Structures are given as structure tokens and as C-alpha cells.
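Participant: Below is a structure I'd like to ask you about.
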Ligand code: NI
């Protein structure tokens, strides 16, 4: 089922999320819905707060990026109770967008490498290191779990320049090809 994506300005995008318990109800249905919602909006990642939930869950599918970046081949993953425990490597600037912030793209600085502990869709634990584009997308989605949006991380002058665009999103003055909630 395609769910509405919560837009910039909705308070749930600023909430701290919580780890889910092992008996979390209907987990696989939720994950299916998150993927369907993400694909419908042509996204490569989606975090639970973007569909109104305060849970530490995110889904990522980079298989559409394989041609541009072979390291993304086959990368489709669920990260449950995700916790980044190390960030390393040089800061890299790369343009990002977000399904909760339509029509805005800005360069965001992020470290090139992360180490993350998480559970997969079967609640099996993992402790893995990622770098490059994978690390970037994971960090973007992970930020959502801490109530952080990519527009919080851009330099002051650019932030000033997009303020009116952000205000338009908050007041509902934005067009979107997918179902949204504000
Ligand atoms: Ni986002």
C-alpha cells in the first residue's frame, strides 16, 4: 500500500525515534509498504518518520544506481534499530534531495565512511562498514531517525537562499507527483 509522505514542516520529522521491540506488529507489511511508497515516489531511501512513525526503521534500494556506480549493485537493505557507531574518512560534498522536501537539491557535506549496527528484516544483528554513495544514503536516511533533515546540514548562505522554498513547502504551496501529508 502506498502511504502519504510527510512533508517538511510536519512535527513528526523532528521527533527522536525509538528502537522497536522484537514483537513489533506487522513488521513485514510495514517494510513492504515503505518500499512501495518509496518506489512510487522514485526515491532510493525512506525512513519511518517520513510516513509518520517514530520508529528506528529505514529502507534503501540503490539497485537503480548500478549503472552509474557499480558499488551499488544489488544493494537493497532494511536497517532496523540502526545506530551509526563510527564516522570516518574525508568529508565529501554531494548533492542530495529528500522526498519530504520536494524540488530542493543542495550539496551536503558528509564523511565518506560509516560503521553501523542494525537488525535486518529477520531481526538478525549486523555490524558493517560502508563507504561512498552507500554511506551517503545511509547517513541521509539515518539523520531522519534523529529528526535531522539535509537542509540542516548545508552552509549558511545556501540555507538563506532556500528559506522561501522551505516556507512554500510548509504552507502547502508545492506540487508533488506522489501522495503527501502536511
Ligand atoms: Ni530524506
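The values are calculated or read from the model by the stated rules, or taken from the named source; none is laboratory data. Keep in mind that this is a model prediction, so the values were computed, not measured. In this analysis, Cβ positions are derived from the backbone assuming ideal geometry, glycine residues included, and neighbour counts consider all displayed protein chains.
Participant: Which residue, of 102, 49, is within 16 Å of the ligand (Cβ to nearest atom), touching a residue at least 12 places away in the same chain (Cβ under 8 Å) and part of a helix (DSSP H, G or I)?
Facilitator: Only one candidate passes the filter, namely 49.
Participant: Looking at 97, 89 in this structure, which one is closer than 27 Å to residue 155 by Cα, part of a strand (DSSP E or B) and modelled with pLDDT under 95?
Facilitator: 89
Participant: Next question. Can you tell me which residue in the stretch 132-153 is farthest from residue 5 (Cα to Cα), limited to those that are outside any helix (DSSP H, G or I) and touching a residue at least 24 places away in the same chain (Cβ under 8 Å)?
Facilitator: 146
Participant: For the stretch 29-39, does any single residue satisfy the condition of being surrounded by fewer than 13 Cβ atoms within 10 Å (Cβ to Cβ) and within 19 Å of residue 182 (Cα to Cα)?
Facilitator: There is no residue in the stretch 29-39 that is surrounded by fewer than 13 Cβ atoms within 10 Å (Cβ to Cβ) and within 19 Å of residue 182 (Cα to Cα).
Participant: Now, a different point. For the stretch 144-154, what are the residues that are within 16 Å of residue 79 (Cβ to Cβ) and buried (at least 20 other Cβ atoms within 10 Å of the Cβ)?
Facilitator: Selection gives 144, 145.
Participant: Sort through 95, 90 and tell me the only one that's within 15 Å of the ligand (Cβ to nearest atom) and surrounded by fewer than 14 Cβ atoms within 10 Å (Cβ to Cβ).
Facilitator: Result of the check over 95, 90: 95.
Participant: A further question follows. Being in a strand (DSSP E or B) and within 16 Å of the ligand (Cβ to nearest atom), is that true of even one residue in the stretch 30-46?
Facilitator: So far as the stretch 30-46 goes, yes, one or more of its residues are in a strand (DSSP E or B) and within 16 Å of the ligand (Cβ to nearest atom).
Participant: Looking at (1) closer than 23 Å to residue 170 by Cα; (2) at pLDDT 95 or above; (3) in contact with a helix residue (DSSP H, G or I) (Cβ under 9 Å, 6 or more places away or on another chain), find the lone condition where residue 16 falls short.
Facilitator: (2)
Participant: Looking at 134, 159, 107, 168 in this structure, which one is within 16 Å of the ligand (Cβ to nearest atom) and farther than 30 Å from residue 19 by Cβ?
Facilitator: 107
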